[in-house]
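Comments concern the structure below.
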Amino acid sequence: MDFPAPRRVRAELVAQTMLSPRVRGLTLATLGPEPLDWVPGQYVEIGPAGDDKRMPLSIASAPDFAPSGQFEIAVVGGGALDDVVIGGAVDVTGPQGSFVRREPDGAPEVFVATGTGLAPIRAMLHRALPSGGDSPILLLAGARTEPELLWRAELEQLCVKHPRLRYEPCVSRPQNGWSGRTGWVQSHLGELVAPLSGSRVYVCGVGEMVVECVALLTTELGVPADRVFTEKH
């Protein structure tokens, strides 16, 4: 697979929203004649303009479905971008990384994410679903509480629009009568992955979760290691 060459660009913050009590969604627009290009799943290193501080952040959108030059990221509070306001500038280096969706081979696809690990997977889904096909796509997404489930309403709407997508949210600290899946996402892999023979599996989130998922997939569920793709956030 060919990847765009990484380069350094300046971008402007054009919109922001609270995705959860702790996570902001930022929309950035590159400045200059050549917009940033990327493969969904890749990340950039980003920080305030002229500042040496940099954060590696996955791009949460696909280039096909945004105005030219715009891309989205999800940022946990307490970092280098906290003081950037609408109209403020940032320096961006990228794209980087190889955690991307492989060419479909007709097999089911399983995506597992926790927290902002959902960002690159969201970008992959935004490209994958409109491209057609009928093989099942399963998304198992975890968070501590229901309000921390990122892009939940959007993902539920995608399931309506694209029936081959199945979205399974999971919370580790259920509150207020939550009736969905509970506990760690890895505890649900057996039930969800076993029926999807031959799956490719993409896992992104905190390191411990990723390691445990890979062990379960490759030892207990029999998924070949070369069909499991991971990135740690």
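The values are calculated or read from the model by the stated rules, or taken from the named source; none is laboratory data. Treat the numbers as computed from the prediction; the structure is a model and nothing was measured. Note: ideal-geometry Cβ built from the backbone for every residue, glycine included; neighbour counts use all protein chains shown. We work out accessible area using only protein heavy atoms, side chains counted, and drop any ligands, DNA or RNA first. Shrake-Rupley method; radii C 1.70, N 1.55, O 1.52, S 1.80 Å.
Confirm whether Tyr167 is hydroxyl-bearing (Ser, Thr, Tyr), under 22 Å from Arg22 (Cβ atoms), crowded, with 16+ Cβ neighbours inside 10 Å and touching a strand residue (DSSP E or B) at 6+ places or on another chain (Cβ under 9 Å).
Answer is yes for this residue.
Cβ-Cβ below 8 Å, separation at least six or inter-chain, first residue in the stretch 145-169 and within 16 Å of Ala113 (Cβ to Cβ) and in a strand (DSSP E or B), second among the β-branched types (Val, Ile, Thr) and open to solvent by less than 70 Å² (accessible area, probe 1.4 Å): which pairs?
As it stands, the answer is Leu165/Ile137; Arg166/Ile137, since those pairs meet every condition given.
Looking at (1) open to solvent by less than 20 Å² (accessible area, probe 1.4 Å); (2) over 16 Å from the mean Cα position of the chain (by Cα); (3) under 27 Å from Pro56 (Cβ atoms); (4) of a type in the set (Ser, Thr, Tyr), which is the one condition that is false for Ser172?
Of (1) open to solvent by less than 20 Å² (accessible area, probe 1.4 Å); (2) over 16 Å from the mean Cα position of the chain (by Cα); (3) under 27 Å from Pro56 (Cβ atoms); (4) of a type in the set (Ser, Thr, Tyr), only one is false for Ser172: (1).
Would you be able to say whether some residue in the stretch 214-230 is under 16 Å from Phe111 (Cα atoms), in contact (Cβ under 8 Å) with a residue 40 or more places away in the chain and under 15 Å from the mean Cα position of the chain (by Cα)?
yes
Go through (1) in a strand (DSSP E or B); (2) without any contact (Cβ under 8 Å) to a residue 60 or more places away in the chain; (3) surrounded by 19 or more Cβ atoms within 10 Å (Cβ to Cβ) for Leu36 and report which single condition fails.
Only one criterion in (1) in a strand (DSSP E or B); (2) without any contact (Cβ under 8 Å) to a residue 60 or more places away in the chain; (3) surrounded by 19 or more Cβ atoms within 10 Å (Cβ to Cβ) is unmet by Leu36, namely (1).
Looking only at the stretch 80-106, which residues are aliphatic (A, V, I, L, M) and either surrounded by 14 or more Cβ atoms within 10 Å (Cβ to Cβ) or free of Cβ contacts under 8 Å to residues at least 24 places away in the same chain (or both)?
Ala80, Leu81, Val84, Ala89, Val90, Val92, Val100
Can you name every residue in the stretch 218-232 that is closer than 19 Å to Val100 by Cα and in contact with a helix residue (DSSP H, G or I) (Cβ under 9 Å, 6 or more places away or on another chain)?
Val223, Pro224, Ala225, Arg227, Val228, Thr230, Glu231, Lys232 - these are the residues of the stretch 218-232 that are closer than 19 Å to Val100 by Cα and in contact with a helix residue (DSSP H, G or I) (Cβ under 9 Å, 6 or more places away or on another chain).
Sort out which residues of the stretch 39-67 are in a loop (DSSP other than H, G, I, E, B) and either open to solvent by 20 Å² or more (accessible area, probe 1.4 Å) or polar (S, T, N, Q) (or both), and write them in order of number.
Answer for the stretch 39-67, where residues must be in a loop (DSSP other than H, G, I, E, B) and either open to solvent by 20 Å² or more (accessible area, probe 1.4 Å) or polar (S, T, N, Q) (or both): Val39, Gln42, Ala49, Gly50, Asp51, Asp52, Lys53, Arg54, Ser61, Ala66, Pro67.
When the residues of the stretch 12-24 are filtered to those that are touching a residue at least 60 places away in the same chain (Cβ under 8 Å) and out of contact with any helix residue (DSSP H, G or I) (no Cβ under 8 Å at 6 or more places or on another chain), which remaining residue is surrounded by the fewest Cβ atoms within 10 Å (Cβ to Cβ)?
The qualifying residue surrounded by the fewest Cβ atoms within 10 Å (Cβ to Cβ) is Ala15.
With the requirement that a residue be within 14 Å of Gly142 (Cβ to Cβ) and either open to solvent by less than 40 Å² (accessible area, probe 1.4 Å) or touching a residue at least 40 places away in the same chain (Cβ under 8 Å) (or both), what does the stretch 181-201 give you?
Arg181, Gly183, Trp184, Val185, Gln186, His188, Leu189, Leu192
Testing Gly132 on (1) open to solvent by less than 40 Å² (accessible area, probe 1.4 Å); (2) modelled with pLDDT of 95 or more, one condition comes back false. Which one is that?
Single failed check for Gly132: (2).
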